[in-house]
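What follows draws every value from the coordinates through simple rules; no lab data is involved. The structure displayed is predicted, hence computed values, not measured ones. Cβ atoms come from the backbone with ideal geometry, glycine included; neighbour counts cover every protein chain shown.
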Amino acid sequence: MSVKLSAVAKEAGVSPSTVSRILNGTARVTPAKVKKVREVIERLGFRPDHAARALAGGKTNTVGVVTQFIDSPFYGEVLRGIEIELRAQKYVPLFVSGHWDEDEERACIDLLSDRKVDGIIALSSCLSDAKLSALSEKIPLVVTGRRLQGPALASLDYDNIGGAKSAVQHLLDLGHKRIAFISGPTNHSDARERLGGYMAALGPSAHRDPRLIIDADYQEEGGHQATLQLLDSGVEFTAILAANDQMAIGARLALHERGIRVPEDVSVVGFDDLYFSRYTIPPLTTVHHSAHDLGRLSSLALLRLMAGEAVGHQLLPTQFMARMSTAAPKSC
């Protein structure tokens, strides 16, 4: 049978409210009394009723996290960063997936709200800015991939434009003039920004060709099919910039299937620098940013919001990582 708080109080010789305050870290008692109560808790095997504590204090010490795909290698690193930081502060994360579907994501948020979470982190949300701002009026909210802020709203994003520009500039410096771009879904702000960085780096020049831009889905198969589409179209290109590493891996497979060597025939660049990118054959040239840090910093921002602090927007840096999947085109 479960041990009640009153039994702990009786055994320790204190009031139930004192036990409760010791558990919450708000008790003003001697260290000796705290030690005694914790020894009794350990000996009796008492476990706090978090649901009852939430009803009494309006706090559950849980945080809702809306990701898109829990099994994604990118989001997996983000979630790990969130989990480590929240657990260090005695918060439990509840993970749900929206699968890039607005209705499903809204249902996830309703589920988390019903669970009375203390705050929500929304990773690359599909919801509109207006809907996210409205949600933050009800519960502290951190969003990634956006530039939003409010009294209980904070946002984090990478320098997607600068990262894409650095990748294209690397290819231009090698001598590439026909650079294809495999985009993520254009209803995602990060995909639009990476496309914008690609276009900005090329400038108003002959290097621009709309036939070299293919929309895909941020998945390996999307990069694979986009590259096959490029090859079957007959359009000339000597390099591919994919809007994330997963699509770059798919592009690499498509080139291999057609007998095209990387980087001897076509250079390939990704974006994200996922942990496996340095272990591909050849190691993938990519734009680095820390998915783990995104999760960690999102948690810290939410903790500050829940404490009543103003946070605002944070723009996280990127770093270009030149590896072995890029080289000068054969014509140079």
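Using a Förster distance of 35 angstrom, determine the FRET efficiency expected from the C-beta separation of E104 and I260, and round it to 0.05.
0.40
Using 7 Å Cα-to-Cβ label points, what is the R115/V34 separation (nm, one decimal)?
About 3.0 nm, to one decimal.
For a quick check of your reading of the filter: which GluC sites (Glu not before Pro) in segment 176-254 sit in a DSSP loop and have no more than 14 other Cβ atoms within 10 Å?
Taking segment 176-254 and a limit of 14 other Cβ atoms within 10 Å, the loop GluC sites (Glu not before Pro) found are E236.
Which percentage, to the nearest 5, of the DSSP beta bridges contained in the chain is antiparallel?
Roughly 10 percent of the beta bridges in the chain run antiparallel, per DSSP.
Need the C-alpha centroid separation for segment 255-332 versus segment 65-97, integer Å.
Rounded to whole Å, the Cα centres lie 19 Å apart.
Across the chain, how many lysine pairs separated by 8 or more positions, or lying on different chains, have Cα atoms within less than 17 Å?
11
Give me P(r) over the chain, computed from all C-alpha to C-alpha distances, binned every 20 Å, as integer percentages.
29, 43, 21, 7, 0
Write down the percent of antiparallel bridges among all DSSP beta bridges whose residues are both part of segment 194-321, to the nearest 5.
40
With the chain treated as a Gaussian network of Cα nodes joined by springs under 10 Å, which of T30, T67, T186 yields the largest mean-square fluctuation?
Maximum among the listed residues: T30.
Using only DSSP helix segments of four residues or longer, with each worth -39500 (n - 2.57), what per-residue ellipticity at 222 nm results for the chain after dividing by its residue count and rounding to 500?
About -14000 deg cm²/dmol.
Report, in degrees rounded to the nearest 10, the 0 to 90 angle that the Cα long axis of helix 189-202 makes with the longest principal axis of the chain.
Here the helix axis deviates by roughly 30 degrees.
Roughly what % antiparallel, to the nearest 5, for the DSSP beta bridges in segment 102-213?
Taking every DSSP beta bridge within segment 102-213, about 10 percent pair in antiparallel fashion.
Taking the Cα centre of the chain as the origin and placing charges on Cβ (Lys, Arg +1; Asp, Glu -1), which of V262, T144, A243 is farthest toward the positive end of the dipole?
Farthest along the dipole direction, towards plus: T144.
For segment 101-205, what is the convex hull volume of its Cα atoms per residue in Å³?
105
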